[in-house]
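I have placed the structure first, in the form of structure tokens, so that the comments after it can refer back to it.
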Amino acid sequence: MSRKYQQYKNSETWRVLNRAISALVKNGDLEEKTAREYIVGYLSQKLADQGIQSNGELKKSHKLDHASESNERRIKVAG
């Protein structure tokens, strides 16, 4: 494990990304050519760099997006 990504190892972001990659590998949509820790670490770091932190902001952001989509559907149906 690279020390560069160690700070993300116990985060929720890490767990979500790791599970998602596992699912993609299992169903044949993704073939890993690099150690999983580097893939998940890199993606975790990129999300953190964009302000999507592993301290729960990812979940909050998702909830807001979902609420926004629901509101858009109601407006379209009503309009």
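Computed from the coordinates by the stated procedures, all read-outs in this text should not be read as laboratory data. Treat the numbers as computed from the prediction; the structure is a model and nothing was measured. Don't worry about glycine lacking a Cβ; one is built from the backbone with ideal geometry, like all the others, and counts go over all protein chains shown.
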- Message: In whole Hz and in residue order, list the ³J(HN,Hα) couplings for segment 33-44 that follow from phi through the Karplus curve 6.51 cos²θ - 1.76 cosθ + 1.60, θ = phi - 60°; x for Gly and Pro.
- Response: 10, 10, 4, 3, 4, 6, 5, 5, x, 4, 5, 4
- Message: Can you give the FRET efficiency to the nearest 0.05 for ARG3 and ASN27, using r as the Cβ-Cβ distance and R₀ = 30 Å?
- Response: 0.40
